Structure formats: structure tokens, C-alpha cells
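Asker: I'd like to ask you about the structure that follows.
The values are calculated or read from the model by the stated rules, or taken from the named source; none is laboratory data. This is a predicted model, so every value here is computed, not measured. No Cβ is skipped: glycine too gets one built from the backbone with ideal geometry, and neighbour counts run over all protein chains shown.
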Amino acid sequence: MKVHVEFDLTPQEFRQAMGLPDVEAFQQELMAHIRQQMESGVEGYDPWSLMQPFLQQGMAQGVASFGQYQQMLMDMLRQADTQSDEAAHNSKRKKP
């Protein structure tokens, strides 16, 4: 049996149906704050300082994830080396 259900919802209706919070006021406040910072420092406006907290957090997570990925690869190589050593040892023992 195949059942196909289609919902025609706006993004706001979907968020409400899923029980997600309404963040529109927060987004508007945040954008107003960013706009105010941009307008107040037109001459000395530095977009890097605005994005720096986000980038630092992202970079720290990225470096940690890379370290975990590197450790996983090393573990896989060690396991493959151990398995190949065991296979070679077992093949030598089987020969009379």
C-alpha cells in the first residue's frame, strides 16, 4: 500500500505545526543591531569584527573535528595493519 500526503504550508505555518519557536522578532532585532553598527561606523566599519565571533567558534569546531577525523584514520590504519599481520601469520602456520 502506498500513501501520499501533501501539505501546502507557508514556512511560518510549518514552524508552528512543528512547535518551533517564532524567531522573527529576534531576527528583526538582530538585523536592526547589525544595521545600526554598520551605519554608525561607516568610515571605520570592519566586517571582520562583526563576523569574528562566529568564525572563531566555527574554526575551533573545525579544528577539533579534523583532529577526530585524523585520529579515526590512524585507528583504521592500525587496525588494517594488525589484521594483515594476523593474516600473514595464519597463512604461515597453515603450510606444513
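Asker: Could you tell me which numbered condition E43 fails, if it satisfies all but one of (1) modelled with pLDDT of 85 or more; (2) acidic (D, E); (3) assigned to a loop (DSSP other than H, G, I, E, B)?
Answerer: (1)
Asker: Let me ask you something else. Which one of these is in contact with a helix residue (DSSP H, G or I) (Cβ under 7 Å, 6 or more places away or on another chain) and either surrounded by 10 or more Cβ atoms within 10 Å (Cβ to Cβ) or at pLDDT below 75 (or both): L55, L50? Spell out the reasoning first.
Answerer: Working: L55 fails: in contact with a helix residue (DSSP H, G or I) (Cβ under 7 Å, 6 or more places away or on another chain).
Going through L55, L50 in turn, just one is in contact with a helix residue (DSSP H, G or I) (Cβ under 7 Å, 6 or more places away or on another chain) and either surrounded by 10 or more Cβ atoms within 10 Å (Cβ to Cβ) or at pLDDT below 75 (or both): L50.
Asker: Further question on the same structure: Select from the range 1-12 the residues that are within 28 Å of the chain's Cα centre (by Cα) and modelled with pLDDT of 90 or more and write down the one among them that is nearest to S49 (Cα to Cα).
Answerer: Applying the first criterion (within 28 Å of the chain's Cα centre (by Cα)) to the range 1-12 yields 9-12.
Adding the requirement that they be modelled with pLDDT of 90 or more leaves 9-10.
Working: L9: 38, T10: 35 Å.
The selected residue is T10.
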